[in-house]
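Asks: Quick one: this structure, given as structure tokens, is what I'll be asking you about.
The values are calculated or read from the model by the stated rules, or taken from the named source; none is laboratory data. Keep in mind it's a predicted model, so treat the numbers as computed, not measured. Here Cβ is always computed from backbone atoms with ideal geometry, including for glycine, and neighbour counts include all displayed protein chains. The protein model used for the area step is the full one, side chains on, heavy atoms only, and it has no ligands, DNA or RNA in it. Shrake-Rupley method; radii C 1.70, N 1.55, O 1.52, S 1.80 Å.
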Amino acid sequence: MFPLLFGVGLVILNLVTSAQSQKTEPLSGSGDQPFFHGADRYDFAIMIPPGGTECFWQFAHHAGYFYFSYEVQRTLGMSHDRHVAATAHTPQGFLIDTSKNARGQINFSTQETGFYQLCLNNQQNHFASVQVYLNFGVFYEGPEMDHKKKNERKQLNDTLDAIEESTRKVQNNIFHMWRYYNFARMRKMADFFLLQSNYNYVNWWSTAQSLVIVLSGILQLYFLKRLFNVPTITDTKKPRC
């Protein structure tokens with residue numbers, strides 16, 4: 001009886017531990033300190049195994065603009081299907097949008113503050129891994145950029161307001177130029193891997209065809225030579241009538 005109770009206790013302990021390890025929101029040391037939510041934008045590449053799923057969480061304040069773009073750069077394995085399923089969820093877990101293509105975008109306005117979940121699913125490829133390039137983040141336009149309340153903002157004169165507005169516009173333009181640059185970089189890497197795959201395919205296929213042609217020529221010469229092979233006739237070895 002004791003071993004059975006001990007085994008049940010271990011199972012319950014493992015369930016509690018696994019449930020705690022799946023918590024995505026980082027905890028602060030005290031109630032006065034804010035949550036650590038990381039940077040506002042990321043861009044990197046990740047390998048997703050066959051039939052696997054990878055999820056990420058991005059913190060965003062309300063009244064912001066969330067962008068999420070991805071592109072499958074190459075496949076490694078028996079299958080060459082480059083389609084993956086991308087989903088975005090609210091901090092409460094509700095589905096926002098879904099994209100099921102080799103490349104796609106999910107853009108939306110953030111209506112609440114919290115950690116938004118982004119997931120990539122490779123369930124369509126059961127025999128191939130995919131390399132996916134990601135570019136996601138959040139930006140803010142207008143007075144909400146500094147995440148402060150209006151009553152905490154200092155009163156500026158007309159000259160400083162004009163300088164601030166011009167600086168904000170320049171910063172937004174630079175940010176959008178950076179996004180377009182990431183789009184071009186995603187396409188460049190995908191085209192590079194495609195060209196490299198086609199180059200290897202043409203080389204291997206040409207080599208195989210060359211070997212088949214040489215082997216077929218040797219076999220034809222061998223059998224053609226055997227047609228003219230006349231056996232030697234002696235007194236003891238004569239052809240039968």
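Asks: Given a Förster distance of 51 Å, report the FRET efficiency between Q220 and M47 from their Cβ-Cβ distance, rounded to the nearest 0.05.
Replies: The formula returns an efficiency of 0.60 here.
Asks: Another question, then. Once you put a point 7 Å from the Cα of N101 and another 7 Å from the Cα of D81, both along the Cβ direction, what distance in nm separates them?
Replies: Those two pseudo-labels are separated by 1.8 nm.
Asks: Here is a follow-up. Fully extended, how many nm does the chain gain between Q111 and Y201 (0.36 nm per residue separation, minus their Cα-Cα distance)?
Replies: Values: separation 90, 0.36 × 90 = 32.40 nm, distance 4.87 nm.
Extra length from Q111 to Y201 when fully extended: 27.5 nm.
Asks: Please work out how much length the chain gains when fully extended from S210 to A63, using 0.36 nm per residue of separation minus the C-alpha to C-alpha distance, in nm with one decimal.
Replies: Contour length minus the Cα-Cα distance gives 46.6 nm.
Asks: Using the Cα gyration tensor of region 79-137, with a ≥ b ≥ c the square roots of its eigenvalues, what is the shape: rounded (a/c below 1.5), prolate (a/b larger than b/c) or oblate (neither)?
Replies: prolate
Asks: Now for a separate question. Under the 0.36 nm per residue contour assumption, what length would be gained going from the current alpha-carbon distance of Q92 and F183 to full extension?
Replies: Full extension from Q92 to F183 adds 29.8 nm.
Asks: Percent of accessible area on region 167-207 owned by carbon and sulfur, 1.4 Å probe? Please list the in-between numbers first.
Replies: On the way: 2210 of 3330 Å².
Reported share for carbon and sulfur atoms: 66 percent.
Asks: Cα gyration tensor of region 40-144, axes a ≥ b ≥ c as square roots of the eigenvalues: rounded (a/c below 1.5), prolate (a/b > b/c) or oblate?
Replies: prolate
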